[in-house]
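See below for the structure under consideration.
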Amino acid sequence: MRSADFISSMLSANENETFAFAITADGRVLGSIGVFRQGNIHRQTVELGYYIEEGYWGKGLMTEAVKQVCEYVFMKSDIIRIYAEPFAYNTASCRVLEKSGFQYEGTLRNNAVNRCYHTMEKMADGKE
């Protein structure tokens, strides 16, 4: 998908189904982060996805973005569970999730590509 098509789809997405944000620093857009509501009995669950330019890896920007987006989604919606499935070999992405408060639940080994499964749940008091 071309960048322009992706941006257009995010801007036109249903705000109750998709929460999408740009990641910015130094006056530039460096990446994106979003959560996408699941269907049917999983309506209160969202999948988290993110990307940032390689030149900004390891600077803590993604960890901060993940924390902010999760807090926002829990406060502004009925979502109670956020999950992410980074590639198992992408240890930096797995670490971002762990530093952001996600729990490692396991590795999906019989998937098309091995993925680590991480979750964060909203507590009864409304906090993660």
* Pairs only if they're at least six apart or on different chains, beta carbon under 9 angstrom, first in the stretch 89-118 and farther than 23 Å from residue 61 by Cα, second among the acidic types (Asp, Glu) and assigned to a loop (DSSP other than H, G, I, E, B); list them, first residue then second. => 108/85; 111/85
* To do: Please work out if residue 125 is at pLDDT below 95, under 17 Å from residue 18 (Cα atoms) and over 11 Å from the mean Cα position of the chain (by Cα).
  => no
* To do: Please enumerate the residues belonging to the stretch 63-81 that are at pLDDT 95 or above and in contact with a helix residue (DSSP H, G or I) (Cβ under 8 Å, 6 or more places away or on another chain).
  => 63, 66
* Structure fact -> Taking the stretch 52-98 and keeping residues of a type in the set (Phe, Trp, Tyr) and more than 19 Å from residue 117 (Cβ to Cβ) leaves 56, 57, 72, 74
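The values are calculated or read from the model by the stated rules, or taken from the named source; none is laboratory data. As the structure is a computational prediction, the values presented were derived from the model and not from experiment. Heads up, the Cβs are rebuilt from the backbone with ideal geometry, glycines too, and the neighbour counts pull from every protein chain shown.
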